[in-house]
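Contents: one structure, followed by commentary.
The values are calculated or read from the model by the stated rules, or taken from the named source; none is laboratory data. This is a predicted model, so every value here is computed, not measured. Here the Cβ positions follow ideal geometry from the backbone for every residue, glycine too, while neighbour counts run over all protein chains shown. To get the accessible areas, we keep the full protein, side chains included, count just its heavy atoms, and leave off ligands, DNA and RNA. Shrake-Rupley method; radii C 1.70, N 1.55, O 1.52, S 1.80 Å.
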Amino acid sequence: MSLSLDLTAAGAREALRPAPAPEKPSLIGLAREEMAQALVAAGLVPEKQARMRVQQLWHWLYVRGVSDFAHMFNISKDLRAGLERHFSIARPEIVEEQISSDGTRKWLFRFPPRGAGRPVEIETVYIPEEGRGTLCISSQVGCTLTCSFCHTGTQKLVRNLTAEEILAQLLSARDRLGDFPDRDTPAGAIVPAEGRKVSNIVMMGMGEPLYNFEAVKKALLIASDGDGLALSKRRITLSTSGVVPEIYRTGEEIGVMLAISLHATNDDLRDLLVPINKKFPLKELMEACRKYPGLSNARRITFEYVMLKDVNDSLDDARALVKLLRGIPAKINLIPFNPWPGTNYQCSDWEAIERFADFINNAGYASPIRTPRGRDILAACGQLKSESERMRKVDRLALEAMMIAGHGEA
């Protein structure tokens, strides 16, 4: 008996398409012990060889920046073929790369779906400065915090990023910037003592890092591993809006530099600007800062303070800020507000920012005014937002053209 199918029916052709091949797990983002277990479980190496093989792979992945098993020349062809069958070390898709007039770069990365989800996109920014280069890394797709002045906060949370996806931003940036050694560079001469294009990383991109603690912890411990990417923990800064319980864990379990997205000196205003303050008010936040492990004049906490016209930029606000931070070794980054479509805030006048900075400096705190970077490509602080709720391209290009003509001012 023959069987015929009506392929004109809605969804019929789609139903006949073969299911996509299951995604191979990545070795990127695994701790050494996890990588060893994965190799043994796949039947690729005996348990007694696992530690040695992990050391080889770690070198290729994080020192040389290899993204193809075929380029791991001191590993046998058979093992390379087995690794290729079972695992992935591929980079994410770069959907878009933009380069600002000031040299800032912004990448839009697309990651594959997880489980039954859809592909997701996030933005990562590289800021070159004299003597260093800083990579601003995202930890979530979207954000839950809805800070009223922040463009990223207008995008709903889609999901947390994995440790692999957090590290992939760093690896991809080093690829694009030529920050890994050439394939033929001899062993023993492959890690420059200075001159790395990515010398610092900041967890200040999309999302609240401490709401994705375990993945962020794993990624940062790999990034600071001395036998791999080898970033000093003093060159890694994690910025939080004030998830108090995880601040203690950050100091104890990760040990990186801490930044607090502060922006107000009293609970009423901070409740409005940074709504997580309703859950963890300033008294609790300041107590956690005072108890941050390793806190000293050499390891100060950075307090980020966005300058909003007629909102938080008066000399009374400056006095209150000095009083609030008394006794905490601190640096205060004053951030001129970066405009975005639909915001009701304006950047403080430059004279007001300078008066504020002078008062803070005279009180004994370093208070640099952060130079706005990448405004013409919406790469500045608080401007990151991914494809899920992006502006139409024509609207974005029109906005960018307006901002370039106005030197980045709204």
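Of Glu389, Glu351, all but one fail to be surrounded by fewer than 16 Cβ atoms within 10 Å (Cβ to Cβ) and modelled with pLDDT under 55; the exception is Glu389. Scanning the range 221-242 for residues that are within 20 Å of Ile301 (Cβ to Cβ) and either open to solvent by 20 Å² or more (accessible area, probe 1.4 Å) or in contact (Cβ under 8 Å) with a residue 40 or more places away in the chain (or both) yields a total of 9. The set of residues in the range 304-321 that are assigned to a helix (DSSP H, G or I), of a type in the set (A, V, I, L, M, F, W, C) and open to solvent by 20 Å² or more (accessible area, probe 1.4 Å) comprises Leu315, Ala320.
Taking the range 197-219 as the range and being touching a strand residue (DSSP E or B) at 6+ places or on another chain (Cβ under 6 Å), open to solvent by less than 10 Å² (accessible area, probe 1.4 Å) and in a helix (DSSP H, G or I) as the test, the residues that pass are Pro209, Leu210.
Per-residue answers, yes or no, for (1) at pLDDT 95 or above; (2) under 17 Å from Ile166 (Cα atoms); (3) open to solvent by less than 30 Å² (accessible area, probe 1.4 Å):
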residue: Asp68; (1), (2), (3): yes, no, no
residue: Phe73; (1), (2), (3): no, no, no
residue: Arg80; (1), (2), (3): yes, no, no
residue: Pro112; (1), (2), (3): no, yes, no
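Scanning the range 127-146 for residues being open to solvent by 10 Å² or more (accessible area, probe 1.4 Å), in a strand (DSSP E or B) and over 11 Å from Met206 (Cβ atoms) gives a total of 5. The numbered conditions (1) within 19 Å of Lys24 (Cα to Cα); (2) among the aromatic types (Phe, Trp, Tyr); (3) more than 19 Å from the chain's Cα centre (by Cα) are all true for Phe73 except (1). Set side by side, the residues Glu253, Glu246, Glu194 differ, and just one is surrounded by fewer than 18 Cβ atoms within 10 Å (Cβ to Cβ) and at pLDDT 95 or above, which is Glu253.
With (1) within 27 Å of Lys218 (Cβ to Cβ); (2) over 20 Å from the mean Cα position of the chain (by Cα); (3) touching a residue at least 24 places away in the same chain (Cβ under 8 Å) as the list, and Met286 as the residue in question, which single condition is left unmet? With respect to (1) within 27 Å of Lys218 (Cβ to Cβ); (2) over 20 Å from the mean Cα position of the chain (by Cα); (3) touching a residue at least 24 places away in the same chain (Cβ under 8 Å), Met286 is out only on (1).
Of all the residues in the range 90-141, those that are closer than 17 Å to Asp179 by Cβ, out of contact with any Phe, Trp or Tyr (no Cβ under 7 Å at 6 or more places or on another chain) and aliphatic (A, V, I, L, M) number 4.
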